[in-house]
Amino acid sequence: MNIILLGPPGAGKGTQAKKIEEYYSLPHISTGDILRENINNNTSLGVKAKSYMSRGELVPDELLITIIKDRLSKNDCSKGFMLDGYPRTIPQADALQMILTESNKKLDAVLNIAVDDEELIERLSGRRMCKCGASYHVNFNPPLKDGVCNVCKGQLYQRDDDKPEAIKNRLIVYKKQTQPLIDYYNRKKLLRTIDGSKEISQIFEDIKSVLEAL
Ligand code: AP5
Ligand code: MG
Ligand code: ZN
């Protein structure tokens with residue numbers, strides 16, 4: 001199964017991706033995570049991406065297309081994959097189409113997780129992250145102990161782009177550059193819209209029903 005998780009910043013792509021990865025054993029490919037890892041390791045890609053990301057702007061298409069082409073060629077993607085945060089522009093979606101065609105693959109579904117702006121802002125401003133990849137929310141999904149990761153006991157931190165100014169910009173950028181993909185995939189009959197305003201576990205049930213019906 002080859003699927004895309006589409007949705008605005010804070011829709012719950014990463015949260016649901018973790019569950020899908022576990023349940024369906026699909027590799028979770030988050031371009032945001034890949035970029036943040038490169039920033040942490042100070043790679044040349046990380047250096048290029050950093051200023052775009054902290055402002056809430058998109059990183060240039062050509063960098064992302066290279067990342068995704070390389071990642072999809074790895075062995076673990078041979079039986080399926082789940083993209084989270086890619087594509088984010090029409091050129092990225094066209095490039096993905098070419099990459100898949102070249103390797104005789106196709107997309108099975110694009111899950112569009114829909115949440116309104118007010119809720120997105122609340123989710124992003126309360127999000128707390130751990131280095132191990134776990135993610136929490138101070139009210140909606142709090143860790144057992146304040147500021148401490150349940151999984152690895154690491155100290156939780158806030159993402160750079162979860163500050164108010166960056167959140168505002170990310171929502172503007174989403175509407176302008178990424179939202180057109182809803183129409184793009186709808187026309188290809190791949191779009192499945194999921195109500196992302198429900199509880200985390202209920203959304204996962206809805207996603208499972210959609211995937212089982214494919
Ligand atoms: P990326 O890391 O992809 O960020 P994003 O798309 O802005 O999405 P988020 O990760 O913020 O949200 P999410 O949907 O994963 O929500 P989450 O599950 O964490 O990208 C970051 C940046 O990298 C971009 O701005 C760009 O600069 C660059 N980039 C990445 N990919 C790129 C690309 N393809 N092209 C160009 N640039 C690229 O949930 C959010 C919070 O809500 C959490 O606290 C969670 O606990 C909580 N929550 C989740 N679900 C629920 C629920 N149902 N109810 C209540 N709370 C919930
Ligand atoms: Mg995410
Ligand atoms: Zn942790």
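The values are calculated or read from the model by the stated rules, or taken from the named source; none is laboratory data. As the structure is a prediction and not an experimental result, all values here were calculated from the model. Cβ coordinates were reconstructed from backbone atoms using ideal geometry, including for glycine residues, and neighbour counts include every protein chain displayed. Side chains included, ligands, DNA and RNA excluded: accessible areas come from the protein's heavy atoms. Shrake-Rupley method; radii C 1.70, N 1.55, O 1.52, S 1.80 Å.
Within the range 151-163, take every residue that is free of Cβ contacts under 8 Å to residues at least 40 places away in the same chain, of a type outside the set (A, V, I, L, M) and open to solvent by 60 Å² or more (accessible area, probe 1.4 Å) and give me the one that is nearest to residue 174 (Cα to Cα).
Per the criteria, the residue is 163.
For residues that are within 21 Å of residue 8 (Cα to Cα) and over 18 Å from the mean Cα position of the chain (by Cα), tally how many sit in the range 96-133.
Number satisfying all stated conditions: 1.
Can you tell me how many residues within the range 25-39 are within 16 Å of ligand 2 (Cβ to nearest atom) and out of contact with any helix residue (DSSP H, G or I) (no Cβ under 7 Å at 6 or more places or on another chain)?
4
Taking residue 127 as meeting all but one of (1) free of Cβ contacts under 8 Å to residues at least 40 places away in the same chain; (2) within 16 Å of ligand 3 (Cβ to nearest atom), write down the number of the exception.
Status for residue 127: all satisfied but (1).
Go over the candidates 70, 108 one by one and state the one that is touching a strand residue (DSSP E or B) at 6+ places or on another chain (Cβ under 6 Å) and surrounded by fewer than 15 Cβ atoms within 10 Å (Cβ to Cβ).
Matching residue, one of 70, 108: 108.
Taking residue 202 and the conditions (1) surrounded by fewer than 17 Cβ atoms within 10 Å (Cβ to Cβ); (2) assigned to a loop (DSSP other than H, G, I, E, B), which numbered condition does it fall short on, given that it satisfies the others?
For residue 202, the failing item is (2).
Inspect the range 49-56 for any residue being of a type in the set (Phe, Trp, Tyr) and under 26 Å from residue 109 (Cβ atoms) and give the result as yes or no.
No, the conditions are met nowhere in the range 49-56.
Assuming residue 15 fulfils every condition listed in (1) of a type in the set (Ser, Thr, Tyr); (2) more than 16 Å from ligand 3 (Cβ to nearest atom); (3) touching a helix residue (DSSP H, G or I) at 6+ places or on another chain (Cβ under 8 Å) apart from one, which condition is it?
Of everything listed in (1) of a type in the set (Ser, Thr, Tyr); (2) more than 16 Å from ligand 3 (Cβ to nearest atom); (3) touching a helix residue (DSSP H, G or I) at 6+ places or on another chain (Cβ under 8 Å), residue 15 misses just condition (2).
Tally the residues that are surrounded by fewer than 18 Cβ atoms within 10 Å (Cβ to Cβ), more than 13 Å from ligand 1 (Cβ to nearest atom) and not in a loop (DSSP other than H, G, I, E, B), restricting the search to the range 3-57.
6
Is it the case that some residue within the range 89-106 is within 12 Å of ligand 3 (Cβ to nearest atom) and hydrophobic (A, V, I, L, M, F, W, C)?
no
Answer with yes or no whether residue 134 is surrounded by fewer than 20 Cβ atoms within 10 Å (Cβ to Cβ) and within 16 Å of ligand 3 (Cβ to nearest atom).
yes
Only residues that are touching a residue at least 12 places away in the same chain (Cβ under 8 Å) and part of a helix (DSSP H, G or I): list them for the range 58-76, please.
61, 63, 64, 65, 67, 68, 69, 71, 72, 76
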